[in-house]
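A short worksheet on the structure shown next.
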Amino acid sequence: MTVDEFRKAPTEPDGLTPPLRAMWHDANGDWESAHRIAQEDDSREAAWVHAYLHRREGDDGNAGYWYARAGRSAAGGSLESEWQEIVGALMRFAGEGAEA
């Protein structure tokens, strides 16, 4: 599945990791579900998603905390480019069985 196919999936695809589930919900306008899913997962990948979600809501301070938890620098580009970067990386990592 490509990033574009993932975004356009009419229903949540089967077998997604929690961070990918959160990103699918975000892409489909359900920030609350995306945030809940990311918050319930203690992985570094979920922390990255959590950071992005707080950045999306305009809470840069909270986003900074979550970027640090993810071991990443705060994003500076557009939200769209960050969404694509995260989903692409998470799809690759899910396929490899590795962590971000």
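The values are calculated or read from the model by the stated rules, or taken from the named source; none is laboratory data. Bear in mind the structure is a predicted one, so any value in this text is a computation, not a measurement. Here the Cβ positions follow ideal geometry from the backbone for every residue, glycine too, while neighbour counts run over all protein chains shown.
Note on region 39-88: residues that are surrounded by 15 or more Cβ atoms within 10 Å (Cβ to Cβ), without any contact (Cβ under 8 Å) to a residue 12 or more places away in the chain and in contact with an Asp or Glu (Cβ under 9 Å, 6 or more places away or on another chain) amount to 0. May I ask you to verify whether R7 is surrounded by fewer than 19 Cβ atoms within 10 Å (Cβ to Cβ), part of a helix (DSSP H, G or I), at negative phi and touching a residue at least 60 places away in the same chain (Cβ under 8 Å)? Taking the combined requirement at face value, the residue satisfies it.
To keep it simple, each residue is scored yes or no on (1) assigned to a helix (DSSP H, G or I); (2) over 20 Å from G58 (Cβ atoms).
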site	(1), (2)
M1	no, yes
E12	no, yes
R21	yes, yes
G29	no, no
R36	yes, no
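Filter region 60-79 down to the residues that are modelled with pLDDT of 95 or more and of a type in the set (D, E, K, R) and list them by number. Matches in region 60-79: R69, R72.
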